Amino acid sequence: AYDPLLHNIQTIPNATPWSFADDAAIGHPTMDGIAAVASKIDAFAKISGFGVNRDKSAVLHTLSPTLSDHRTLASTGWQGLSFTNKTTYLGVLMGFNIDTKDIYSKALKEYQKRSERLSSALAHSSLDNRILIFNTYLHPLFSYLSHYYLIPYHEIGGIARRIAARKIISFNGGAFKYIHLITPPNRYGFARPLRDLWAANVADLACQFDYGSLTLSPHPIHGEHIAIVP
């Protein structure tokens, strides 16, 4: 239980801790604040015996570290702790110059590897069971990230769709089009259609939005030219 540590870190001005299970992240706008956090963690470790994997820890910076920043980091005495412009926290890649393609790349690689490992089972299964295998063992690889980020339609989604079509549809995906795999039963699709990654992703994100907060115009908008300004 390290709630006392998190509570203590909150006493540092401008420090913001986040935690889940045994993973923690602490934000601060200055390196002096990070050094103060490290000092709190060291004191807690001496009292509790609860240490930190320093070689698995990193300082994610938003501006290029200065010489003074490097000196402050060294003053913490944390061997192995270094600056980085990207890192993974709770399974999500974060940092600057990171886009959604980067965030989903690990899930896509595992999707590709798993589809190859299951090739024999897929080849000897019925069409319905191939769909079931993808819905159960492959598409859930994207479900965690799907609640936070939009899947890149072409770079990630397009590759995943082509793999699914090639592995599920006969003649290496040439017997019929992918759209038939995801067509619902009431549109003459399969009784148990393939779960489309893009549609599921949009639904995951949309269900988190409070549509009751929207104020809609009571009057229709007329005119040939309508400009939508972000």
Can you tell me the length gained on complete extension of the stretch residue 2 to residue 62, counting 0.36 nm per residue apart and subtracting the Cα distance? 18.8 nm
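Pop out the carbon and sulfur fraction of the accessible area of the chain as a percent, whole number, probe 1.4 Å. Show your work: numbers first, answer last.
On the way: 8700 of 15380 Å².
Ligands and nucleic acids excluded, carbon and sulfur reach 57 percent.
Measuring with a 1.4 Å probe in the full set of protein chains, what accessible area per residue, in whole Å², belongs to the chain?
On the way: 15380 Å² over 230 residues.
About 67 Å² of surface per residue is accessible.
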Distances over 15 Å make up what percent of all Cα-Cα pairs in the stretch 129-189? 58 percent
Quick one: divide the alpha-carbon radius of gyration of the stretch 1-95 by 2.2 N^0.38 Å and tell me what you get. 1.03
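Report the FRET efficiency, 1/(1 + (r/R0)^6), for residue 46 and residue 23, where r is their Cβ-Cβ distance and R0 is 25 Å, rounded to 0.05.
Details: r = 21 Å, r/R0 = 0.86.
Here the calculated transfer efficiency is 0.70.
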Computed helical MRE - 222 nm, the chain, DSSP H runs ≥ 4 contributing -39500 (n - 2.57), nearest 500: -11500 deg cm²/dmol
What aspartates and glutamates could a cross-link reach from residue 86, if we take a straight Cα to Cα line under 17 Å and drop same-chain neighbours fewer than 8 places away? 23, 55, 99, 102
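Taking each full run of DSSP H in the chain as one helix, which ones are at least 18 Å long along their axis (Cα atoms) and have mean Kyte-Doolittle hydropathy of at least -1.0?
Working: long enough: 31-48 (25 Å, 0.81); 100-117 (26 Å, -1.86).
Both cut-offs are met by 31-48.
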Please work out the ratio of the alpha-carbon Rg of the chain to 2.2 N^0.38 Å and round it to two decimals. 1.40
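The values are calculated or read from the model by the stated rules, or taken from the named source; none is laboratory data. Computed from a prediction, not measured in an experiment: that's the story for all the values here. No Cβ is skipped: glycine too gets one built from the backbone with ideal geometry, and neighbour counts run over all protein chains shown. Protein only, heavy atoms only, side chains kept; ligands, DNA and RNA dropped before computing areas. Shrake-Rupley method; radii C 1.70, N 1.55, O 1.52, S 1.80 Å.
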